[in-house]
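Below is one structure, written out as structure tokens, with a few remarks after it.
The values are calculated or read from the model by the stated rules, or taken from the named source; none is laboratory data. Please read these numbers as outputs of a predicted model, since none were measured by experiment. With ideal geometry, Cβ positions are generated from the backbone for all residues, glycine too; neighbour counts draw on all protein chains shown.
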Amino acid sequence: MHNFVQNQFLNTFSEYGRKRDSTYLVLDQSNLSAEDKEKEKLAAAKNLALIGSKKRMKIVSENLDSEVSLNNFSSFQYEGRIPGEEVLALYNSLSIPLKNSFYGLHVQKSILTEIKSRKSIPTQPYTLGMKMPDFSLENHKGNLINARDEYKKYTLIDFWATWCGPCRVETPNLIAAHKKFKDHGFSVITVSIDEKNKYKTWLAAIDSDQMGLFTNLLYDTTKSTIVKELQINAIPANYLVDSTGTIVAVNLRGEELVKTVNKLLK
């Protein structure tokens with residue numbers, strides 16, 4: 001049984017390697033600039049790493065009395081995008097003998113230390129329950145748009161770039177959610193952080209990715225500092241706000257976006 005469980009963990013690492021290498025190969029053969037290739041590679045690797053961590057957490061949840069599960073906590077407990085409290089809750093679900101073991105107590109201590117360490121880091125200035133700062137940017141038609149004027153009952157403000165592979169993979173999910181809920185008060189505002197010299201590339205991406213029904217804005221530091229204010233250092237990133245601009249959710253993806261909006265609109 002131990003070998004079976006361990007193989008499940010090993011498979012997640014093998015899968016990460018295969019998908020990363022195939023993604024890198026596609027990017028290396030693309031017409032992107034060297035700089036954009038590296039940006040996409042980094043974004044893809046981070047996304048795959050998060051997916052792998054979540055898969056390993058699921059394996060643990062299905063094998064709560066296995067020493068192998070306990071021994072693999074280090075493979076995901078330091079993933080910064082997974083809340084430490086979520087990792088601690090999973091640890092607390094382990095069998096009592098595992099938690100009381102020498103290594104079990106060590107894992108618990110390391111999880112608590114990680115949680116404490118993260119809390120000592122300055123938090124993002126804008127989070128759940130806070131108002132999204134006002135900002136105005138030009139849309140893909142050249143008109144200056146105040147984002148607040150575009151808010152519906154619920155609006156997803158999505159930060160992306162044409163060179164961001166994970167961002168564009170997520171676009172069909174945004175389109176599906178928009179089609180499903182647009183008549184019930186849901187809208188999407190996209191903010192591209194592409195540089196000005198990529199203006200035509202941005203317009204082409206909007207067209208090819210069928211984003212015409214969204215409010216599409218191009219980030220311009222002479223008109224707004226919204227990206228700096230939100231301290232966005234990785235994309236894709238998004239904020240779901242209500243009609244008053246209050247943030248009700250962050251970084252929603254795929255089915256999670258649909259489920260959240262559906263629940264809010266009921």
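Quick look at the values:
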{"item": "Qualifying residue in the range 60-71 (condition: among the polar types (S, T, N, Q) and assigned to a loop (DSSP other than H, G, I, E, B))", "result": "yes"}
{"item": "Set ASN233, ASN197: member being closer than 22 Å to GLU256 by Cβ and without any contact (Cβ under 8 Å) to a residue 12 or more places away in the chain", "result": "ASN233"}
{"item": "Selection status of ARG20, in contact (Cβ under 8 Å) with a residue 40 or more places away in the chain, crowded, with 17+ Cβ neighbours inside 10 Å and either under 30 Å from ALA205 (Cβ atoms) or outside the structural domain of GLY254 (by TED's automatic domain parsing) (or both)", "result": "no"}
{"item": "Flag if LEU217 is at pLDDT 90 or above and part of a helix (DSSP H, G or I)", "result": "no"}
{"item": "Flag if LYS41 is among the basic types (Lys, Arg), closer than 30 Å to TRP163 by Cβ and not assigned by TED's automatic domain parsing to the domain that holds ILE235", "result": "yes"}
{"item": "Among the residues listed as VAL241, VAL227, VAL261, VAL248, the single one being in contact with an Asp or Glu (Cβ under 9 Å, 6 or more places away or on another chain), in contact (Cβ under 8 Å) with a residue 24 or more places away in the chain and of a type outside the set (Ser, Thr, Tyr)", "result": "VAL248"}
{"item": "Residue check for ALA43: in a helix (DSSP H, G or I), within 30 Å of LYS109 (Cβ to Cβ) and of a type in the set (Gly, Ala, Ser)", "result": "no"}
{"item": "Among (1) assigned by TED's automatic domain parsing to the domain that holds ASN216; (2) more than 29 Å from LEU27 (Cβ to Cβ); (3) in contact with a Phe, Trp or Tyr (Cβ under 7 Å, 6 or more places away or on another chain), the one test that GLU114 misses", "result": "(1)"}
{"item": "Conditions (1) farther than 11 Å from THR155 by Cβ; (2) surrounded by fewer than 16 Cβ atoms within 10 Å (Cβ to Cβ); (3) among the polar types (S, T, N, Q); number of the one not met by SER243", "result": "(1)"}
{"item": "Failed criterion for LEU203 (all others in (1) aliphatic (A, V, I, L, M); (2) assigned to a loop (DSSP other than H, G, I, E, B); (3) over 21 Å from the mean Cα position of the chain (by Cα) hold)", "result": "(2)"}
{"item": "In the range 223-266, residue farthest from ILE51 (Cα to Cα) [restricted to those that are assigned to a loop (DSSP other than H, G, I, E, B) and charged (D, E, K, R)]", "result": "LYS223"}
{"item": "GLY52 vs. criteria in contact with a helix residue (DSSP H, G or I) (Cβ under 8 Å, 6 or more places away or on another chain), in the same structural domain as HIS106 (by TED's automatic domain parsing) and crowded, with 20+ Cβ neighbours inside 10 Å", "result": "yes"}
{"item": "Members of the range 187-200 that are surrounded by fewer than 18 Cβ atoms within 10 Å (Cβ to Cβ), under 24 Å from the mean Cα position of the chain (by Cα) and modelled with pLDDT of 90 or more", "result": "none"}
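Here's the yes/no breakdown for (1) on the phi < 0 side of the Ramachandran plot; (2) out of contact with any strand residue (DSSP E or B) (no Cβ under 6 Å at 6 or more places or on another chain); (3) among the aliphatic types (A, V, I, L, M):
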| residue | (1), (2), (3) |
| --- | --- |
| GLU150 | yes, no, no |
| LYS182 | yes, yes, no |
| ASN197 | yes, yes, no |
| ALA204 | yes, yes, yes |
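Yes/no per residue for (1) at pLDDT below 95; (2) among the basic types (Lys, Arg):
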position: SER53; (1), (2): yes, no
position: LYS58; (1), (2): no, yes
position: SER61; (1), (2): no, no
position: ASN71; (1), (2): yes, no
position: ILE82; (1), (2): yes, no
position: ILE96; (1), (2): no, no
position: SER110; (1), (2): yes, no
